[in-house]
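Peer 1: Got a structure for you, written out below as structure tokens; questions coming shortly.
The values are calculated or read from the model by the stated rules, or taken from the named source; none is laboratory data. Keep in mind that what you see is a predicted model, and the values were worked out from it rather than measured. A quick note on method: Cβ atoms are made from the backbone with ideal geometry, for glycine too, and the neighbour counts reach across all protein chains shown. Only protein heavy atoms, including side chains, enter the accessible area calculation; ligands, DNA and RNA are left aside. Shrake-Rupley method; radii C 1.70, N 1.55, O 1.52, S 1.80 Å.
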Amino acid sequence: MDLVQKEHERVLRRLKASNALKNVQSTIDILQSARDNIAADPSQAGATIAKLQNPVKHSFDNINDSLKETHSGLNKYTKSLDKLFKDRPLPNSEHDALSNQEQLINRAIAMHLLREGQFSVAATFLSEITDQKSMLEEESVSRSNLQTSNLFNIDEVPSTEIRKQFASMYYILHELKEKRNLLPAIEWSRENRESLAARGSNLEFELCRLQYVWLYHNKSLEPTDSPGNWQAAVTYARQEFQSFGPRYLPEIQKLLGAMAFIPNLHGSPYAATFNNPTAWEEVSQSFTREFCSLLGLSADSPLYIAATAGAIALPTLLKLQTIMKAKRTEWTTENELPVEISLPPSYLFHSIFVCPVSKEQATDENPPMMMPCGHVIAEESLKRLSKGGRFKCPYCPNESHCKDARKIFL
């Protein structure tokens, strides 16, 4: 890597020191001057053109010399990159669990395109899948090979309703990010208030709180020394914050109490709330997460996560393949990696919970429950320990009641 860095710095120095642009501009100036002279006195056109020969040739020679130095540096830089990143074959697909699951791959691609708002591309992709499925079915009938028709299962790709839902999500996100318009997101959160409340979501209040701050700053979140449109913010709070009182009373009191510091709000304890540069991005992420959750989907694109995790793991797997080939060993374990692959914490998923008390795997009928102390056990174990009354946590001295435990969604 040091060699690449050294060559990179050398190329930058040569580009900065290069006179190629100056020589090109000089040539342009010479030609422009000659054209002006000819326009002013056409009778001297022959003499003017004759005088151009040597200056233009000299300029072109200088340009070529500068380009040679630049190309030489780029060639060395390219060679250093080739030495560092050698062209090696990818691991074979012998143990690829998705090699015969093309319908799942097609679904992942289509869902990723829809999440990114690439609706026309997604429509073209799904249309091509349908056309290819029809072609394969025709071939399978002619060859009496019924297995071929299962290669592209169109029922596995996103339905029309899912596409409409993502179109709605993308519209709301566009209004939120590009136009600073919170109203469509607030309306959606109110339409789905019961479902969001069942999940313990704070989305509706987060949106209304940002709307309150947005109104205070005269429809801008840029820090300002002016008192802002605080009357509009207070009017909005009176209209909208009443329904949030039982659950968010401390937060509402802080938002309204901050009005006492209007002359010096940026120097008050409430400055972080009213001058948060990441507020719009945070609320956009919250909205995306909750929207996808109500559709039964993850907040992040599975295709993006899989591709990123694969890129992280690929160097280790390539090295493993080289070692196994040298030692003439084989990868015999099925559905399991032969080595530990270190991934970022956000890429570690634990969808299976085993109760530490009963040693049984949690199910929909026996879900994991978190006690007030933070420890988690299965619901059946919780009921056995509590027996309808207060009980001591099996892992710490804290006592709690069965009704205080909360269901965990993995």
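Peer 1: Quick check: anything in segment 11-29 β-branched (V, I, T), touching a helix residue (DSSP H, G or I) at 6+ places or on another chain (Cβ under 6 Å) and within 30 Å of K83 (Cα to Cα)?
Peer 2: Yes: segment 11-29 contains one or more residues that are β-branched (V, I, T), touching a helix residue (DSSP H, G or I) at 6+ places or on another chain (Cβ under 6 Å) and within 30 Å of K83 (Cα to Cα).
Peer 1: With respect to L52, determine if the residue is under 17 Å from D2 (Cα atoms) and either under 49 Å from the mean Cα position of the chain (by Cα) or touching a residue at least 12 places away in the same chain (Cβ under 8 Å) (or both).
Peer 2: Here the answer is no, as L52 does not meet what is asked.
Peer 1: While we're here: Just give me the residues in segment 183-211 being within 17 Å of Y236 (Cβ to Cβ) and of a type in the set (D, E), in sequence order.
Peer 2: Within segment 183-211, E187, E204, E206 meet the criteria.
Peer 1: Would you mention how many residues in segment 12-35 are modelled with pLDDT of 85 or more, open to solvent by 80 Å² or more (accessible area, probe 1.4 Å) and either closer than 18 Å to H71 by Cα or over 54 Å from the mean Cα position of the chain (by Cα) (or both)?
Peer 2: 1
Peer 1: Out of the helices (runs of 4 or more DSSP H) lying entirely within segment 224-324, which hold 1 or more residues that are in contact with a Leu (Cβ under 8 Å, 6 or more places away or on another chain), touching a residue at least 40 places away in the same chain (Cβ under 8 Å) and open to solvent by 40 Å² or more (accessible area, probe 1.4 Å)?
Peer 2: 271-274, 279-294
Peer 1: Scanning for something within 18 Å of L3 (Cα to Cα), open to solvent by 80 Å² or more (accessible area, probe 1.4 Å), modelled with pLDDT under 75 and assigned to a helix (DSSP H, G or I), does segment 86-101 turn up at least one residue?
Peer 2: no
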